[in-house]
Amino acid sequence: MHWTLALTPLGEPLGIADLQLWTREKNPRKISLSAHQKKPIEEKESMKWIQAVENIYDNVGDCDPVWVTDREGDVYEHINTVITRGYNFVVRCNNDRIIGEEEGLLKERIRSAPILSSQKLEINVNKKRLELAVNIQVCECGLIAGPKVNSYGGCKDHNISVVRVSDDDGYLEWILLTSLDISSVEEALEVISIYKNRWKIE
């Protein structure tokens, strides 16, 4: 089962916006990585992310939604669909990518970016509330996210912002991809706050 939860900007649940059920024919963990990568997106379970975006498209009304997912939602075709539909998004990065014309890697770029702010961050881990001293880094990337062979939505480059939240002990690292503009500490904190709502669905 894959379900999408609608929240207010304050994190108050509005209800289930989409629900998909299916029967798994084969355990995807038993398929080799190379064989999995060659499958079109329509034959992967990752298609559930795209389908969720499409299913709610006609029902969002006049609101301006921000699509939030954890690392499992870091799929190029999914992000491309969100952008094509005109939504903003905050997606936790899972896959490293080549960025811009420099042919550098996204994670290397954000990890070497200047620290924008250092402060305390409250997070929930295993139903325990922790307060960590974290560093916040921000950069903009010409993200080349498209696979070489892409059967869904074309292969396009998207300019995005990246926010990294990490502590000095290596306990926490969030690399957040977002379409939202970030030009200040306050806007970076807003992106982090939006991502923290991800756990409401659990």
Top of Asp169, Asp18, Asp70 by mean-square fluctuation, Gaussian network on the chain, Cα under 10 Å: Asp169
Candidates Val60, Val125, Val138, ranked by Gaussian network fluctuation over the chain, Cα under 10 Å, top entry: Val125
Rounded accessible area of Ser166 (nearest 10 Å², 1.4 Å probe): 10 Å²
Rounded to the nearest 10 Å², the accessible area of Thr23 at probe 1.4 Å: 120 Å²
Share of Cα-Cα pairs in the chain lying beyond 20 Å, as whole percent: 60 percent
Rounded to the nearest 10 Å², the accessible area of Tyr87 at probe 1.4 Å: 20 Å²
Of all DSSP beta bridges in the chain, antiparallel share, percent nearest 5: 90 percent
Exposure ranking of Thr178, Thr8 by accessible area [1.4 Å probe, largest first]: Thr8, Thr178
Phi to ³J(HN,Hα) by Karplus 6.51 cos²θ - 1.76 cosθ + 1.60 over segment 172-179, Hz, x for Gly, Pro: 10, 8, 10, 10, 10, 8, 8, 8
Cα-projected label distance for Leu21 with Asn94, points at 7 Å along beta-carbon direction, nm: 2.4 nm
The chain: most fluctuating residue of Arg92, Arg24, Arg71 per GNM, C-alpha cutoff 10 Å: Arg24
Mean projection area, nm², convex hull over Cα of segment 1-114: 9.8 nm²
Residue-normalised accessible area of the chain, given per residue in Å² at a 1.4 Å probe: 61 Å²
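The values are calculated or read from the model by the stated rules, or taken from the named source; none is laboratory data. These figures come from a predicted structure and were not determined experimentally. Every residue, glycine as well, gets a Cβ built from its backbone with ideal geometry; the counts of neighbours run over all protein chains shown. Surface accessibility is based on the protein's heavy atoms, side chains included, excluding ligands, DNA and RNA. Shrake-Rupley method; radii C 1.70, N 1.55, O 1.52, S 1.80 Å.
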